[in-house]
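Structure, as structure tokens:
The values are calculated or read from the model by the stated rules, or taken from the named source; none is laboratory data. As the structure is a prediction and not an experimental result, all values here were calculated from the model. Every residue, glycine among them, receives a Cβ derived from its backbone with ideal geometry; neighbour counts consider all protein chains shown.
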Amino acid sequence: MWSRVRALIAKEFLAVWQDKKSRVVIVVPPLIQLLVFGYAATFDVNHVATAIYNEDSGLAARELVARFEGSPSFQTVAYLSREAEIRDVIDAKQARLVIHIGQTFTRDLKADRTARIQLIVDGRESNTALIILGYANRIIADFNDEWLRAHGEALPPARLVVRSWFNPNLESQWFIVPGIVALLTLVVTTVVTALTVAREREVGTFEQLLVTPFRPSEILIGKSVPALVIGVAEGTVIITVAVFWFQVPLRGDLLLLYAGLFLYVLAVIGVGLMISSICRTQQQAILGAFLFVVPAVILSGFATPIANMPPLIQDLTLINPMRYFLVVVRGTFLEGLPTELVYERLWPMAAIAAITLTGAGWMFRHRLG
Amino acid sequence: MMGSQSDDKRSSGRPAATLHAVGTSRMRLFGLIRKETLQILRDASSISIAFVLPAILLLLFGYGVSLDAKRVPVALVIENPSSETSSFAVSLTNSPYFAPTLMRDRHAAKEALVAGDADAIVVLREDFARRIWSPAGAPIQVLVNGTNANTARIIEGYMQGAWQKWLEQHALDEGQVLTPPVAMEQRVWFNAEVRSRNFLVPGLIAIIMTLIGTLLTAMVVSREWERGTMEALMVTPVRIGEILLGKLIPYFVLGMGGMALSTAMAVWVFNVPFRGSLAILLAVSVLFMLASLGMGLLISTVARSQFVAGQVAIIVAFLPAFILSGFIFDITSMPKVVQWITHIIPARYFVSSLQTLFLAGTVWPIVLANSAALCLMAAIFLGLTRRKTHKSLE
């Protein structure tokens with residue numbers, strides 16, 4: 001039996017690797033995507049285009065403005081002299097933030113009255129707006145602290161000392177790049193497997209395969225092993241680039257990461273083969289792959305946290321293999337996740353793999369009738 | 001249908017009067033459009049790309065995706081309970097942004113953080129109550145899980161809000177009014193509640209139209225190349241311009257249908273405000289649709305196989321529309337080289353127009369600049385397609 005299966009595996013490898021176009025499709029786009037995504041997919045906000053409307057010539061106002069200008073988060077693009085200009089620069093997206101300091105700012109500050117500073121933020125990009133406000137808040141809190149200290153006044157009764165673990169400088173690349181390992185492995189594995197059976201059905205060779213003495217389980221192994229090798233190899237390349245090019249620290253156990261990768265790829269192969277055995281043509285298979293990949297990525301926690309989703313959709317994410325692998329890959333990269341927590345994420349992927357692979361094997365034969 | 005059409009053409013012949021030729025040309029075009037429409041209606045997978053996928057995407061994004069952290073799980077460690085520490089705990093509990101859980105000690109809190117059961121730890125140290133009265137004040141230690149840098153930053157912002165509320169409350173309890181030297185008044189324009197849905201849903205329309213205009217068109221037209229029906233069509237007297245128009249018009253209608261569906265859902269299902277002019281939205285959408293159809297036709301003409309066309313469409317149209325258009329990720333924060341690349345992505349101009357038209361209103365400088373860019377891209381893609389298609393016949 002094993003020699004038969006070996007021959008089948010060899011044939012499947014050739015089917016994917018012999019065709020130059022499909023070879024290129026497997027190798028080149030993921031690498032380009034990794035590089036572009038790695039740099040483009042960032043939630044970091046820096047060099048925020050800022051316009052300053054300072055009506056106060058006092059020293060304190062100028063000092064506060066200087067703090068904003070000295071921060072790498074902000075970049076002054078304009079100085080305004082009339083209130084009406086605020087609307088113009090924000091509307092036309094010339095500035096995302098306008099800092100408005102009124103005439104009485106320094107006077108209020110010196111008289112121990114609270115001096116007001118107005119920040120107008122473009123809310124079209126809500127996430128950026130929130131982060132800009134956070135940065136501004138911090139600058140003002142620092143200014144307050146120093147002012148109180150310099151004038152011998154009591155500091156507030158308590159102050160926040162914020163530190164972030166695992167990613168002290170809050171680099172979103174550290175979050176996104178390990179996620180890309182999961183994303184690209186998913187895309188490549190799904191496309192490769194979704195097309196295998198559909199292509200053979202379109203050409204008619206799949207029916208021929210079914211009348212040979214091969215059992216569906218053997219066909220399943222023959223179709224899965226090449227995809228498994230390709231998926232794990234793809235994952236390995238991306239992990240290597242993440243560590244050596246993007247310099248994301250790999251703190252956890254490599255063996256566990258690979259156990260996760262192995263089960264993840266198996267689960268995705270199961271889904272891909274199921275799609276493939278349902279579809280009659282390649283177009284349907286690509287569409288099917290798309291219908292699986294897009295929701296799988298959106299509902300995985302890749303870009304937006306699962307915790308922010310409504311409860312019903314959170315439940316839906318439980319059947320998504322990418323959800324579990326993302327935790328494993330991010331956990332092993334940044335946190336050095338405890339072993340038992342990785343195991344908790346391994347068995348759901350193993351269960352998904354078992355169910356989908358069995359389903360695909362069953363459908364090989366039953367699709368015909 | 002096609003048969004009678006070509007018979008008709010053969011009988012009309014070349015030397016017909018100009019008026020007659022215009023009539024036949026229009027009839028030929030009409031026939032092609034009809035054929036294409038029938039093909040769309042017949043194939044369930046085309047219809048599902050045009051209507052089912054947009055609906056799924058809109059529902060997923062509208063309901064499933066939110067960048068706003070709400071009720072962030074926080075592990076709260078109070079080493080020495082007192083009235084001061086409990087007043088801080090109350091202000092955390094009252095904040096809509098936090099769901100604090102009291103933990104025994106730092107160790108337990110750390111475990112919760114690593115396990116993902118808490119996104120942040122707040123520690124009020126043993127000497128909190130005493131140090132509150134010292135000139136330097138007491139430290140409130142906040143440890144945020146930095147794995148997701150974005151969430152970490154947002155949590156930090158919320159934490160500052162909760163802290164300021166507590167300071168005010170604390171001052172009130174002491175019979176004072178809090179007078180910080182400088183206070184910040186914030187105004188978030190166009191999106192006062194800072195809802196990420198208002199920002200994501202308009203951009204999603206660009207993604208959906210890219211799917212229909214580029215992916216679907218590329219797949220369908222490359223199938224004709226793959227099966228040889230395109231070449232069969234070319235040996236008929238139908239002109240290339242007519243063939244292309246025959247492809248363009250039905251998918252254009254389909255794409256605009258998807259766009260109307262999306263806009264209606266955005267406004268009525270997701271309550272995204274629409275503050276611009278509908279006519280201008282329509283005009284910009286037409287330009288974008290032409291650009292993405294042009295891209296789809298160009299891909300299919302160059303690729304000529306469904307597998308390659310599908311892949312290429314995903315790589316050059318769908319993924320860039322997702323990542324490089326400003327739909328989720330902020331363009332001005334990207335590295336300069338990547339920012340430069342975004343200028344050749346049509347979706348970038350459309351996403352910017354959509355966000356502005358929905359949330360800010362009709363801002364002419366933005367609308368005009370984006371429309372000009374889209375016009376240029378549509379002209380380039382359609383022009384290139386026209387040339388490539390012509391060449392391939394020789």
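Of everything in region B:342-368, what is touching a helix residue (DSSP H, G or I) at 6+ places or on another chain (Cβ under 7 Å) and more than 9 Å from every other protein chain (Cβ to nearest Cβ)? Give them in sequence order. So that I can check it myself, show each step before the final result.
Here is the first cut: in region B:342-368, the ones touching a helix residue (DSSP H, G or I) at 6+ places or on another chain (Cβ under 7 Å) are B:342, B:345-360, B:362-363, B:366-367.
Within region B:342-368, B:I345, B:P346, B:A347, B:R348, B:Y349, B:F350, B:V351, B:S353, B:L354, B:L357, B:T362, B:V367 meet the criteria.
For the list (1) touching a residue at least 24 places away in the same chain (Cβ under 8 Å); (2) in contact with a strand residue (DSSP E or B) (Cβ under 8 Å, 6 or more places away or on another chain); (3) facing chain A (nearest Cβ under 7 Å), I need the number of the one condition that B:V182 fails.
(1)
Is it fair to say A:T193 is of a type outside the set (A, V, I, L, M, F, W, C), assigned to a helix (DSSP H, G or I) and more than 7 Å from chain B (Cβ to nearest Cβ)?
Criteria met by A:T193.
Quick check on my filter: what residues within region B:354-366 are farther than 16 Å from A:R96 by Cα and surrounded by 22 or more Cβ atoms within 10 Å (Cβ to Cβ)?
Scanning region B:354-366 gives B:L354, B:L357, B:F358.
Counting only residues that are surrounded by 18 or more Cβ atoms within 10 Å (Cβ to Cβ), more than 13 Å from B:S292 (Cβ to Cβ) and among the hydroxyl-bearing types (S, T, Y), which one in region B:305-349 is farthest from the chain's Cα centre (by Cα)?
The residue in question is B:S333.
Restricting the search to region A:233-248, which residues are surrounded by fewer than 18 Cβ atoms within 10 Å (Cβ to Cβ) and part of a helix (DSSP H, G or I)? Lay out the reasoning, then the answer.
Taking region A:233-248 as the starting set, the residues that turn out to be surrounded by fewer than 18 Cβ atoms within 10 Å (Cβ to Cβ) are A:233, A:236-237, A:240, A:243-245, A:247.
Scanning region A:233-248 gives A:A233, A:T236, A:V237, A:T240, A:V243, A:F244.
Give the residue that is surrounded by the fewest Cβ atoms within 10 Å (Cβ to Cβ), with candidates limited to residues of region A:145-181 that are of a type in the set (G, A, S) and under 28 Å from B:Y158 (Cβ atoms). It would help to see each step written out before you state the result.
Initially, region A:145-181 is screened for residues of a type in the set (G, A, S), giving A:150, A:152, A:154, A:158, A:164, A:172, A:179.
Subsequent filtering for residues that are under 28 Å from B:Y158 (Cβ atoms) retains A:154, A:158, A:164, A:172, A:179.
Values: A:A154: 12, A:A158: 20, A:S164: 20, A:S172: 21, A:G179: 25.
Within region A:145-181, the match that is surrounded by the fewest Cβ atoms within 10 Å (Cβ to Cβ) is A:A154.
Kindly indicate the residue of region A:120-139 that is in contact with a strand residue (DSSP E or B) (Cβ under 8 Å, 6 or more places away or on another chain) and over 15 Å from B:N191 (Cβ atoms) and also farthest from the other protein chains (Cβ to nearest Cβ) among those meeting that condition.
Residue satisfying both the conditions and the ranking: A:Y135.
Do you know which residues across region A:165-175 are out of contact with any Gly (no Cβ under 7 Å at 6 or more places or on another chain) and either at the interface with chain B (Cβ under 7 Å from one of its Cβ atoms) or not polar (S, T, N, Q) (or both)? Quick ask: steps written out before the conclusion?
First, the residues of region A:165-175 that are out of contact with any Gly (no Cβ under 7 Å at 6 or more places or on another chain): A:169, A:171-172, A:174-175.
Within region A:165-175, A:E171, A:S172, A:W174, A:F175 qualify.
Can you tell which of A:E153, A:E146 is outside any loop (DSSP other than H, G, I, E, B), of a type in the set (D, E) and more than 8 Å from every other protein chain (Cβ to nearest Cβ)?
Values: A:E153 fails: outside any loop (DSSP other than H, G, I, E, B).
Being outside any loop (DSSP other than H, G, I, E, B), of a type in the set (D, E) and more than 8 Å from every other protein chain (Cβ to nearest Cβ) holds for just one of A:E153, A:E146, which is A:E146.
Is there a residue in region A:311-318 that is in contact with a Gly (Cβ under 9 Å, 6 or more places away or on another chain) and touching a residue at least 60 places away in the same chain (Cβ under 8 Å)?
No, that holds for no residue.
Testing A:V271 on (1) among the aliphatic types (A, V, I, L, M); (2) buried (at least 22 other Cβ atoms within 10 Å of the Cβ); (3) out of contact with any Pro (no Cβ under 9 Å at 6 or more places or on another chain); (4) farther than 16 Å from B:N148 by Cβ, one condition comes back false. Which one is that?
That leaves (3) as the condition not met.
Determine whether B:F98 is touching a helix residue (DSSP H, G or I) at 6+ places or on another chain (Cβ under 6 Å), within 8 Å of chain A (Cβ to nearest Cβ) and more than 21 Å from A:T317 (Cβ to Cβ). I'd like the intermediate steps shown before the answer.
On the way: touching a helix residue (DSSP H, G or I) at 6+ places or on another chain (Cβ under 6 Å): yes; within 8 Å of chain A (Cβ to nearest Cβ): no; more than 21 Å from A:T317 (Cβ to Cβ): yes.
So B:F98 fails the test.
Residue-wise test of (1) touching a Lys or Arg at 6+ places or on another chain (Cβ under 7 Å); (2) farther than 20 Å from A:G260 by Cα; (3) in a helix (DSSP H, G or I); (4) at pLDDT 90 or above.
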site: A:Q314; (1), (2), (3), (4): no, yes, yes, no
site: A:V329; (1), (2), (3), (4): no, no, yes, yes
site: A:I355; (1), (2), (3), (4): no, no, yes, yes
site: A:G359; (1), (2), (3), (4): no, yes, yes, yes
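Is there any pair linking a residue in region B:47-71 that is free of Cβ contacts under 8 Å to residues at least 60 places away in the same chain and surrounded by fewer than 17 Cβ atoms within 10 Å (Cβ to Cβ) to one that is of a type outside the set (V, I, T) and not in a helix (DSSP H, G or I), with Cβ under 6 Å and at least six apart or on different chains, and which?
Listed by first residue and then by second, the contacts come to B:Y63/A:P310; B:R71/B:A99.
Look at B:F190 and say whether it is in contact with a Leu (Cβ under 8 Å, 6 or more places away or on another chain) and either free of Cβ contacts under 8 Å to residues at least 24 places away in the same chain or outside the structural domain of B:L281 (by TED's automatic domain parsing) (or both). Write out each step before concluding.
On the way: in contact with a Leu (Cβ under 8 Å, 6 or more places away or on another chain): yes; either free of Cβ contacts under 8 Å to residues at least 24 places away in the same chain or outside the structural domain of B:L281 (by TED's automatic domain parsing) (or both): yes.
Taking the combined requirement at face value, the residue satisfies it.
Out of the residues in region A:88-119 that are within 23 Å of B:V272 (Cα to Cα), facing chain B (nearest Cβ under 7 Å) and of a type in the set (A, V, I, L, M), state the one that is surrounded by the fewest Cβ atoms within 10 Å (Cβ to Cβ).
Per the criteria, the residue is A:A92.
With the checklist (1) crowded, with 24+ Cβ neighbours inside 10 Å; (2) in the same structural domain as A:A242 (by TED's automatic domain parsing); (3) of a type outside the set (V, I, T) in hand, flag the one item A:A129 doesn't pass.
A:A129 satisfies every listed condition except (2).
Within region A:41-55, track down each residue that is within 12 Å of chain B (Cβ to nearest Cβ), assigned to a loop (DSSP other than H, G, I, E, B) and not aromatic (F, W, Y). So that I can check it myself, show each step before the final result.
So the first thing to find is which residues in region A:41-55 are within 12 Å of chain B (Cβ to nearest Cβ), and the list is A:41-50.
If we keep only those that are assigned to a loop (DSSP other than H, G, I, E, B) too, we end up with A:41-47.
A:A41, A:T42, A:D44, A:V45, A:N46, A:H47 - these are the residues of region A:41-55 that are within 12 Å of chain B (Cβ to nearest Cβ), assigned to a loop (DSSP other than H, G, I, E, B) and not aromatic (F, W, Y).
Of the residues A:G231, A:G272, A:G222, which is away from chain B (no Cβ under 14 Å), of a type in the set (G, A, S) and touching a Leu at 6+ places or on another chain (Cβ under 6 Å)? Quick ask: steps written out before the conclusion?
Numbers: A:G231 fails: touching a Leu at 6+ places or on another chain (Cβ under 6 Å); A:G272 fails: touching a Leu at 6+ places or on another chain (Cβ under 6 Å).
Residue meeting the stated conditions: A:G222.
Which of (1) in a helix (DSSP H, G or I); (2) modelled with pLDDT under 90; (3) within 10 Å of chain A (Cβ to nearest Cβ) is the odd one out, the single condition B:F329 does not satisfy?
All conditions are met except number (1).
What are the pairs, 6+ residues apart or on separate chains, where a residue within region A:50-61 that is within 10 Å of A:L109 (Cβ to Cβ) has its Cβ under 7 Å from a residue that is assigned to a strand (DSSP E or B) and not charged (D, E, K, R)?
Pairs that qualify, where the first residue is within 10 Å of A:L109 (Cβ to Cβ) and the partner is assigned to a strand (DSSP E or B) and not charged (D, E, K, R), are A:D56/A:I101; A:A61/A:N54; A:A61/A:I101.
For the list (1) touching a residue at least 60 places away in the same chain (Cβ under 8 Å); (2) within 14 Å of another protein chain (Cβ to nearest Cβ), I need the number of the one condition that A:L257 fails.
If we test A:L257 against (1) touching a residue at least 60 places away in the same chain (Cβ under 8 Å); (2) within 14 Å of another protein chain (Cβ to nearest Cβ), just (2) comes out false.
If you check B:L293, B:L254, which single one turns out to be in the same structural domain as B:E36 (by TED's automatic domain parsing), at pLDDT 90 or above and farther than 22 Å from B:G361 by Cα? Outline the logic, then answer.
Numbers: B:L254 fails: at pLDDT 90 or above.
Among B:L293, B:L254, only B:L293 is in the same structural domain as B:E36 (by TED's automatic domain parsing), at pLDDT 90 or above and farther than 22 Å from B:G361 by Cα.
For region B:106-122, which residues satisfy the criterion of being surrounded by fewer than 21 Cβ atoms within 10 Å (Cβ to Cβ) and either outside any helix (DSSP H, G or I) or facing another protein chain (nearest Cβ under 7 Å) (or both)?
Passing the criteria: B:V114, B:A115, B:G116, B:D117.
Does B:E231 satisfy the condition of being surrounded by fewer than 16 Cβ atoms within 10 Å (Cβ to Cβ) and acidic (D, E)?
yes
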